[in-house]
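Scroll down for the structure; my scribbles are underneath it.
The values are calculated or read from the model by the stated rules, or taken from the named source; none is laboratory data. Just so you know, these numbers come straight off a predicted model, no measurement behind them. Using ideal geometry, Cβ is built from the backbone for each residue, glycine included, and neighbour counts are taken over all protein chains shown.
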Amino acid sequence: MEKKIIPAIIAKTQEELEDKIIKVKDYVDLIQLDVMDGKFVSNNSIDFDFKLPGTNCGFEAHLMIQKPERWIEKHYSKVDTILAHFESCEKPEEVIDLVRSKERKIGFVLNPETPIEAIEQYLDDIDQVLIMTVNPGFYGSSFLPEMLDKISSLRKLKPYLDIEVDGGITDKTIGLVDKAGANMFVSGSYIIKSSDVEKSIETLRDIVGA
């Protein structure tokens, strides 16, 4: 399976959003936008009517928000993939159908406390699963090694599914989640706060053979 290194963007303003995208856009082909409403998680990010600068990158939206359907209806055209927290989906089937109707890819995100079994019935209907390896909402949260078993279990259950991980992914942890079975690796502060973004991305790529 193809492996990808994906920078995660947290931004409070349009200017900050553009600055961070420009910082990484030449070194990756996929960027994650962290959307937070201050309710589902305690932080706020990209909770405005944003515009994306021209790039050759694809974009996925990680929706850490209540009622993701509202965001999807308004902003779906700006991104290629929509990742909704399963915990925020009152009717998961309707979220899947809505995203499919917009001709976008759909994935569910699982908080650390949410078991794989919660989404098992939907695995054939979605494109990927994002397993949080931290409690979501901020850059720089501590990696939770107990999530490695969760990744391994999902990989055994679905050998060809795109399994993404997000949270505390650095040069010290990416090898662990790679070995557990993930193939998409989201890194926020390790990349965005680096003094040499290109080198940091290459370091992560080298470790997992991406």
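Residues being part of a helix (DSSP H, G or I), touching a residue at least 12 places away in the same chain (Cβ under 8 Å) and of a type in the set (D, E, K, R): count how many of those fall in the stretch 51-73.
Residues flagged as part of a helix (DSSP H, G or I), touching a residue at least 12 places away in the same chain (Cβ under 8 Å) and of a type in the set (D, E, K, R) within the stretch 51-73 amount to 2.
Quick grid of which residues meet (1) touching a residue at least 60 places away in the same chain (Cβ under 8 Å); (2) outside any helix (DSSP H, G or I); (3) of a type in the set (Gly, Ala, Ser); (4) over 19 Å from ALA8 (Cα atoms):
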site: TYR76; (1), (2), (3), (4): no, no, no, no
site: GLU90; (1), (2), (3), (4): no, yes, no, yes
site: THR114; (1), (2), (3), (4): no, yes, no, yes
site: TYR122; (1), (2), (3), (4): no, no, no, yes
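Take the residues in the stretch 152-172 that are in contact with a Ser or Thr (Cβ under 8 Å, 6 or more places away or on another chain) and surrounded by fewer than 22 Cβ atoms within 10 Å (Cβ to Cβ); name whichever of them is farthest from VAL109 (Cα to Cα).
ASP171
Would you pick out the residues in the stretch 193-210 that are in contact with a strand residue (DSSP E or B) (Cβ under 7 Å, 6 or more places away or on another chain), at pLDDT 95 or above and surrounded by fewer than 20 Cβ atoms within 10 Å (Cβ to Cβ)?
Going residue by residue through the stretch 193-210, those that are in contact with a strand residue (DSSP E or B) (Cβ under 7 Å, 6 or more places away or on another chain) are 201, 204-205, 208, 210.
Add one more test, that the residue is at pLDDT 95 or above, and what stays is 201, 204-205, 208.
Result: ARG205, VAL208.
Matching residues to (1) over 30 Å from GLY175 (Cβ atoms); (2) in contact (Cβ under 8 Å) with a residue 40 or more places away in the chain; (3) out of contact with any Phe, Trp or Tyr (no Cβ under 6 Å at 6 or more places or on another chain):
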position: GLU93; (1), (2), (3): yes, no, yes
position: VAL109; (1), (2), (3): no, yes, yes
position: THR133; (1), (2), (3): no, yes, no
position: LYS150; (1), (2), (3): no, yes, yes
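From (1) crowded, with 21+ Cβ neighbours inside 10 Å; (2) in contact with an Asp or Glu (Cβ under 6 Å, 6 or more places away or on another chain); (3) in contact (Cβ under 8 Å) with a residue 40 or more places away in the chain, pick out the condition that doesn't hold for SER45.
Condition not satisfied by SER45: (3).
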